[in-house]
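Trainee: Let me begin by handing over the structure; questions about it come next.
Read the figures in this text as sums done on the coordinates, not as results from a lab. Fair warning: this is a prediction, and the values are worked out from it, not measured in the lab. As a convention, Cβ positions derive from the backbone with ideal geometry for all residues, glycine included, and neighbour counts pool all protein chains shown.
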Amino acid sequence: MAKSTYVSSETSGRGRHRSDSLTCVSTPSPAALPIRRLTLRDLTACADLSENRGWPREEHKWGFLLTSGKGYGIDDPDGGLVAACVVTEYGPQDRPDLGAIGMVLVAERHARQGIGRRLMRHVVSAMDTTPLTLHATPNGRPLYEELGFKVTGRAEMVLGRFAPDGSQSPVVTRAATAEDLPGILTLDEEVFGADRTPLITRLPAFADQLRVAEDSDGITGYAAAWPNMDTHVVGPLIARDTETAKALVASLAAQTDRPLRTDIDVRHEELLTWVKQRGLASIAFNSVMTYGIAELPGDWSRRFAPLTVAAG
């Protein structure tokens, strides 16, 4: 329903009585405001929205997602954004194999008015028959279930300063080079189950570190560490086995003095136990949800952590 503001105007003159009139100025309710595509010009407004909801501003991540994905938002007539989210598509451009939804936020003063539901319905409709995935917080999960998303997994967020144990891993790791990119892309598509070339080719500019593990047959895993506020986030983390994943995490940790944060698939119990022994602690759990597919494609056994939960 529209909100009305009444402005009183009056006229007076000698020999005439004064008359009052009321002018009605209508302001649309947030639920009726149009949804539009976001661009990098909206970066500050997106970061402001994150801050409004008690999240870190995460401007570096917002910039990456708005560049590699599609942002959707609702403008606040009073300035800034009422709501926002980002969808990252994987596979052929004209017919994606999968879409990952993230950064779903509604400004505090507009919360609990159905705006998040409306924005999500718009995104689901815009993606047509493309299967979807997202990581849901406990607060967001009921809305996504109402829209038809199903829980298919869980991820545990861990954070802390990594303490090496002094042992030498038999797994060989090194900094990635431009020549490694074709091999990384091949491995990533095989493990993730969809072509993520537009996302992965942005990693060298986005991340502070990009490392590979290899043996005589070629690349057996890769991982990145990218800056997010005062931490380094480890992701993607793709590896042939747990020992390879451990070696990649340890090699990334050796090159930074920041705390590490990552989101590990809870099925990788051995890796979770190991990182906790090395100083990282559990801080949150997210539900991995899908829409239009029973489970995520690819090989979960080699997919240890996402680039970011906002991009799958």
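Trainee: When the stretch 253-290 is examined, which residues are found to be of a type in the set (Lys, Arg) and surrounded by fewer than 17 Cβ atoms within 10 Å (Cβ to Cβ)?
Mentor: Selection gives ARG267, LYS276.
Trainee: Still on this structure: Take the stretch 179-200 and flag every residue that is in contact with a helix residue (DSSP H, G or I) (Cβ under 7 Å, 6 or more places away or on another chain) and farther than 18 Å from ASP299 by Cα.
Mentor: Once the filter is applied, which keeps residues that are in contact with a helix residue (DSSP H, G or I) (Cβ under 7 Å, 6 or more places away or on another chain) and farther than 18 Å from ASP299 by Cα, the stretch 179-200 yields PRO198, LEU199.
Trainee: Name the strands (runs of 3 or more DSSP E) wholly inside the stretch 60-173 in which the number of residues that are of a type in the set (Gly, Ala, Ser) is 3 or more.
Mentor: So the answer is 98-106, 150-160.
Trainee: Any idea which residue in the stretch 293-312 is farthest from THR220 (Cα to Cα), counting only those that are charged (D, E, K, R) and in contact with a helix residue (DSSP H, G or I) (Cβ under 9 Å, 6 or more places away or on another chain)?
Mentor: ASP299
Trainee: Residue check: is LEU237 within 24 Å of ARG267 (Cβ to Cβ) and assigned to a helix (DSSP H, G or I)?
Mentor: Here the answer is no, as LEU237 does not meet what is asked.
Trainee: With in contact with a Phe, Trp or Tyr (Cβ under 8 Å, 6 or more places away or on another chain) and part of a strand (DSSP E or B) as the only criterion, which of LEU210, LEU199 stands out?
Mentor: Step by step, each of LEU210, LEU199 is checked, and only LEU210 is in contact with a Phe, Trp or Tyr (Cβ under 8 Å, 6 or more places away or on another chain) and part of a strand (DSSP E or B).
Trainee: Here is a further query. Kindly indicate whether MET157 is in contact with a Gly (Cβ under 8 Å, 6 or more places away or on another chain) and at negative phi.
Mentor: So MET157 fails the test.
Trainee: Further question: Under the condition of being buried (at least 17 other Cβ atoms within 10 Å of the Cβ) and among the hydrophobic types (A, V, I, L, M, F, W, C), which residue from the stretch 131-158 is nearest to the chain's Cα centre (by Cα)?
Mentor: Out of the qualifying residues, it is LEU134.
Trainee: Can SER282 be described as assigned to a helix (DSSP H, G or I), over 15 Å from the mean Cα position of the chain (by Cα) and among the polar types (S, T, N, Q)?
Mentor: no
Trainee: I need the full set of residues from the stretch 213-233 which are part of a strand (DSSP E or B) and either of a type in the set (Ser, Thr, Tyr) or buried (at least 23 other Cβ atoms within 10 Å of the Cβ) (or both), in order please.
Mentor: ALA213, THR220, GLY221, TYR222, ALA223, ALA224, ALA225, THR231, HIS232, VAL233
Trainee: Would it be correct to say that ALA205 is assigned to a strand (DSSP E or B) and without any contact (Cβ under 8 Å) to a residue 40 or more places away in the chain?
Mentor: Criteria not met by ALA205.
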